[in-house]
């Protein structure tokens, strides 16, 4: 059973940059790596090529910037079974 984990937090710009840098480091390693989503740690093993999407939503009061990556699940990847 596949699932989804989502987490929202308020971070400083520096904290957000550090989070992205840790993900970038994992992607460059060409091996599985751990992503921390709130209080959950998930091992991910992206394919060599990923589908990459960047979205900016502009509203009157705020902006939302999203980065998303998608890849075919590998045979050895564990399924996420989490409830929010």
- Out of 42, 54, report the one residue that is surrounded by 12 or more Cβ atoms within 10 Å (Cβ to Cβ) and either modelled with pLDDT of 95 or more or in a strand (DSSP E or B) (or both). 42
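Which of the residues spanning the range 28-37 are within 21 Å of residue 7 (Cβ to Cβ) and either modelled with pLDDT under 90 or loosely packed, with under 12 Cβ neighbours inside 10 Å (or both)?
Here is the first cut: in the range 28-37, the ones within 21 Å of residue 7 (Cβ to Cβ) are 32-37.
Matches in the range 28-37: 34 only.
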- Message: So, residue 49, is that one exposed (fewer than 12 other Cβ atoms within 10 Å of the Cβ) and without any contact (Cβ under 8 Å) to a residue 12 or more places away in the chain or not?
- Response: no
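So that you can scan it fast, the table gives a plain yes or no per residue for (1) part of a strand (DSSP E or B); (2) modelled with pLDDT under 95; (3) loosely packed, with under 10 Cβ neighbours inside 10 Å; (4) under 13 Å from the mean Cα position of the chain (by Cα):
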{"position": "10", "(1), (2), (3), (4)": "no, no, yes, no"}
{"position": "23", "(1), (2), (3), (4)": "no, no, no, yes"}
{"position": "60", "(1), (2), (3), (4)": "no, yes, yes, no"}
{"position": "73", "(1), (2), (3), (4)": "no, yes, no, no"}
{"position": "81", "(1), (2), (3), (4)": "no, yes, yes, no"}
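The values are calculated or read from the model by the stated rules, or taken from the named source; none is laboratory data. Predicted, not measured: the structure shown is a model, and the values here were computed from it. Positions of Cβ are generated from backbone atoms using ideal geometry, with glycine treated the same way; all protein chains shown enter the neighbour counts.
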